[in-house]
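The values are calculated or read from the model by the stated rules, or taken from the named source; none is laboratory data. Here the structure is a predicted model, which means the values were calculated and not measured. Virtual Cβ from ideal backbone geometry, glycine too; neighbours counted across all protein chains shown.
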């Protein structure tokens, strides 16, 4: 008889650059699947539970930036391990108590299938609630960014918008963006890859050269 102990396997968590895991789910806007968002960017986010104070402030804040997201070709989709009826009652309550109408859909993920596929469950935090995860998925359904917040900290919506602006600017111009970058600021010029090009960079016109490896330009 073998004394070998079998260690439970940890579900594989998606990474930046991976194709977003497929899903088909019941939502407050009917049944939706990942493919319904193809050709658009998508912010898929999870929250721990309906009818909780931090989550309520977040949903109001997500709704506030929703028009700005749509201007950028980005859709918004929430998720928690609550029932469809709980979601419906909660968004009705938010509108009744605050006047804020939640216009984006919310997934009812009672079996935690999607939450597990996207790595939204952190057992050390809770085995029955999702943490505050944010997945930025591009128009080709590739995961471009992932942000995790603990249950105790509400998210910064301004950073989510800034991140999307950075990703879309990089796609358009092929240039990374520096720390604290916002639209209208200079972007980074990719560094040269040979000694000869590094020497040329120091004499290059039309860009701001701090040193051969650090240069900026307007786009």
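Looking at the stretch 80-99, can you tell me whether even one residue there is under 27 Å from residue 169 (Cα atoms) and assigned by TED's automatic domain parsing to the domain that holds residue 134? Within the stretch 80-99 (the criterion being under 27 Å from residue 169 (Cα atoms) and assigned by TED's automatic domain parsing to the domain that holds residue 134), the answer is no, since none of the residues qualifies.
Scanning the stretch 28-53 for residues that are surrounded by 15 or more Cβ atoms within 10 Å (Cβ to Cβ) and either touching a helix residue (DSSP H, G or I) at 6+ places or on another chain (Cβ under 7 Å) or in a strand (DSSP E or B) (or both) gives 28, 32, 41, 42, 43, 44, 45, 46, 47, 48, 49, 50.
Within the stretch 141-161, one or more residues are over 15 Å from the mean Cα position of the chain (by Cα), buried (at least 17 other Cβ atoms within 10 Å of the Cβ) and touching a residue at least 12 places away in the same chain (Cβ under 8 Å). Going through (1) touching a helix residue (DSSP H, G or I) at 6+ places or on another chain (Cβ under 6 Å); (2) on the phi > 0 side of the Ramachandran plot; (3) crowded, with 21+ Cβ neighbours inside 10 Å one by one, residue 109 falls short only on (2).
Can you find a residue that is under 28 Å from residue 144 (Cβ atoms), without any contact (Cβ under 8 Å) to a residue 12 or more places away in the chain and more than 26 Å from the chain's Cα centre (by Cα) anywhere in the stretch 190-211? For the stretch 190-211, residues under 28 Å from residue 144 (Cβ atoms), without any contact (Cβ under 8 Å) to a residue 12 or more places away in the chain and more than 26 Å from the chain's Cα centre (by Cα): present.
Counting only strands (runs of 3 or more DSSP E) that sit completely within the stretch 87-206, those holding 1 or more residues that are farther than 22 Å from residue 75 by Cα and modelled with pLDDT of 95 or more correspond to 187-189.
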